[in-house]
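I have placed the structure first, in the form of structure tokens, so that the comments after it can refer back to it.
The values are calculated or read from the model by the stated rules, or taken from the named source; none is laboratory data. In this text the structure is predicted, and so the values were computed from the model without any measurement. Counting neighbours? That spans all protein chains shown, and the Cβs are built from the backbone with ideal geometry, glycine included.
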Amino acid sequence: MTRTAFQLRSDAERIWRAGVAAVLPERLIRSHVQVDDDLLRVDDETIDLRGVKRIAIVGAGKAAGGMAVALETALGPRLLEEKNVTGWVNVPADCVVATQRVVIHAARPPGVNEPRPEGARGTRRILEIVSSLGPDDLCFCLLTGGGSALLPAPVPQISLDEKIQLTRLLSAAGANIEQLNTVRRPLSLVKGGGLARACTAGRLITLVISDVLGDPLETIASGPTVVTSVTTSRDALNVLEKLRLSTEPAIASVVRYLRQSADDSSKTPPPNARISHLILGNNATAVDAAGVEAERLGYSHTMISATKSEGPAEDIGRHLAEMALRMRHEAGPDCLISGGEPTVTLVDELRRGKGGRNQQLALAALAELGDCDGIALLSAGTDGEDGPTDAAGAFVTQDIVAAARRLQLGPQSFLARNDAYHFFERTSGLFITGPTQTNVCDLRIVTVDRI
């Protein structure tokens, strides 16, 4: 079966979109949360709502607004009124959606994945809501990717500006999500179980769309409702030392606080609420659904969803390129579906261009693919956001390679200055979706016309 360059690119996008559709909040909530008269079923658990006085809904993340809408729909108009449902959810400004009872708060601008004053205001409101509940009340906490930056509540010894500087330094040093959250937790009043300890409801149910490979609950949004986290100030210091950030003047007070608290063995009080967690969807969910669509389109596919941090985006891109070249010439699968989340180490700000990890990955793949005849590759964030850009990621196709040669654009120079966005902007390779209302790491699709 011969596939044109246009079809390979079109099919790659269709497969990617099918994966994202499978992890949209309305689909996941509908599958796991149902109401039958006065019985609320959350997966395998049943709650008799006749014993519940109020219901509160709080949370944070790129998909948390969509989750709030879906949860309101699942509860229905009668329960929204009878149980005096209220709530507050922090989201990026471009993820604000219309709701019936829950306030969806713009806690940061689009493309700025770091703590902001508006996020701190929203987090204070969330803490006020959960601490106003009683033993006959039920609280839902909705957590998704991006929740850590959207829930800033630094300890009194650390200012928000210092927290922002810390986030920027960690990101520039190529810190993965586990390292980021290991440092964030001991510096926060809400992370690492802080929200759970503040909650005075009788029941606290956390619904999660996971953006962390392997789904560790203590890492997703830095675990605000996970009270068993063993992360310590010493762990945070170890991360800063490993990344050579412990002597940075901009975060001197952070390092000083962590050192002072490293030997603090005082125990935090147990939570009031009975707590449960349910992961609704993750990267593997998206990869599986993408595979179903690839099969429907006539591809023989192979799939992999990483379960831990993958390492540099450039290495992953080169590896995908090598696999694509083999697939083009050898019998076997003609579609590769890959999920994960690589890292990017940023060059000095004075040299740095514009891009994100998916664009960097795609550009590294392009540099290895030669003419790219019979191959299309798409790498994109399932949230529709790739770094501080308006693109979700980028395509690599025969036409894009030809355009780069025509314009005399060398991929290596763009890679070296983290400037993949401008390379793909000039070659028509950017993949722009806008916010998707979900977030389960990255999804990469390779489609091949075998020679």
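Before moving on, here are some points about what is shown:
- Where THR46 falls short, out of the listed (1) outside any strand (DSSP E or B); (2) surrounded by fewer than 24 Cβ atoms within 10 Å (Cβ to Cβ): (1)
- Residues being over 23 Å from the mean Cα position of the chain (by Cα), modelled with pLDDT of 95 or more and part of a strand (DSSP E or B) are entirely absent from the stretch 336-357.
- Verdict on ALA376 being surrounded by 24 or more Cβ atoms within 10 Å (Cβ to Cβ), assigned to a strand (DSSP E or B), over 24 Å from the mean Cα position of the chain (by Cα) and not assigned by TED's automatic domain parsing to the domain that holds GLN179: yes
- Residue ID - surrounded by the most Cβ atoms within 10 Å (Cβ to Cβ), chosen from residues in the stretch 187-226 that are β-branched (Val, Ile, Thr) and within 15 Å of the chain's Cα centre (by Cα): ILE209
- The stretch 53-95: number of residues that are part of a helix (DSSP H, G or I), touching a residue at least 40 places away in the same chain (Cβ under 8 Å) and either surrounded by 19 or more Cβ atoms within 10 Å (Cβ to Cβ) or of a type in the set (A, V, I, L, M) (or both): 12
- Every listed requirement among (1) buried (at least 21 other Cβ atoms within 10 Å of the Cβ); (2) not in a loop (DSSP other than H, G, I, E, B) is met by ARG326 save one, (1).
- Scanning the stretch 1-21 for residues that are assigned to a helix (DSSP H, G or I), touching a helix residue (DSSP H, G or I) at 6+ places or on another chain (Cβ under 9 Å) and under 30 Å from ASP373 (Cβ atoms) returns ALA5, PHE6, LEU8, ARG9, ASP11, ARG14, ILE15, TRP16, ARG17, ALA18, GLY19, VAL20.
- Of the residues GLU310, GLU295, GLU314, the single one that is more than 20 Å from LEU143 (Cβ to Cβ), modelled with pLDDT under 95 and not assigned by TED's automatic domain parsing to the domain that holds PRO135 is GLU310.
Conditions tested, residue by residue: (1) β-branched (Val, Ile, Thr); (2) over 25 Å from ALA93 (Cβ atoms); (3) in the same structural domain as ASP315 (by TED's automatic domain parsing).
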position: ASP383; (1), (2), (3): no, no, yes
position: GLY410; (1), (2), (3): no, yes, yes
position: GLU425; (1), (2), (3): no, no, yes
position: THR438; (1), (2), (3): yes, no, yes
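- Test: residue in the stretch 401-414 that is among the aliphatic types (A, V, I, L, M) and either under 27 Å from LEU213 (Cα atoms) or buried (at least 24 other Cβ atoms within 10 Å of the Cβ) (or both): no
- Count of the stretch 246-261 residues which are at pLDDT 90 or above, part of a helix (DSSP H, G or I) and buried (at least 16 other Cβ atoms within 10 Å of the Cβ): 5
- Any hit, the stretch 400-411, residues being farther than 30 Å from GLY61 by Cβ and under 26 Å from the mean Cα position of the chain (by Cα): no
- Taking first residues from the stretch 399-414 that are touching a residue at least 12 places away in the same chain (Cβ under 8 Å) and partners that are among the hydroxyl-bearing types (Ser, Thr, Tyr), the Cβ contacts under 8 Å between residues at least 6 apart in sequence or on separate chains come to ASP399/SER428; ILE400/THR427; ILE400/SER428; ALA403/THR427; ALA403/SER428; ALA404/THR427; LEU407/THR427; LEU409/THR427.
- Residue ID - nearest to ARG417 (Cα to Cα), chosen from residues in the stretch 329-367 that are small (Gly, Ala, Ser) and surrounded by fewer than 21 Cβ atoms within 10 Å (Cβ to Cβ): GLY353
- Within the stretch 418-431, residues that are free of Cβ contacts under 8 Å to residues at least 24 places away in the same chain have Cβ atoms under 8 Å from residues that are buried (at least 24 other Cβ atoms within 10 Å of the Cβ) in no pair, counting only partners at least 6 apart in sequence or on another chain.
- Residue list for the stretch 22-39, filter: assigned to a strand (DSSP E or B), free of Cβ contacts under 8 Å to residues at least 60 places away in the same chain and within 29 Å of THR436 (Cα to Cα): GLN34, VAL35
- Count of the stretch 290-309 residues, restricted to those that are surrounded by fewer than 20 Cβ atoms within 10 Å (Cβ to Cβ), of a type in the set (A, V, I, L, M) and closer than 18 Å to VAL440 by Cβ, is 3.
- ASN181 meets the conditions (1) buried (at least 24 other Cβ atoms within 10 Å of the Cβ); (2) among the polar types (S, T, N, Q); (3) not in a helix (DSSP H, G or I) in every case but one. The failed one is (3).
- Criterion (aliphatic (A, V, I, L, M), more than 29 Å from the chain's Cα centre (by Cα) and surrounded by 17 or more Cβ atoms within 10 Å (Cβ to Cβ)) met by exactly one of ALA22, ALA12, ALA5: ALA5
- Residues that are assigned to a helix (DSSP H, G or I), modelled with pLDDT under 95 and out of contact with any Pro (no Cβ under 6 Å at 6 or more places or on another chain), drawn from the stretch 195-237: ILE220, ALA221, SER222, ARG234, ASP235, LEU237
- Close pairs from the stretch 337-359: first within 17 Å of ALA394 (Cβ to Cβ), partner among the acidic types (Asp, Glu) and at pLDDT below 95, Cβ under 6 Å, at least 6 apart: GLY340/GLU310; PRO342/GLU310
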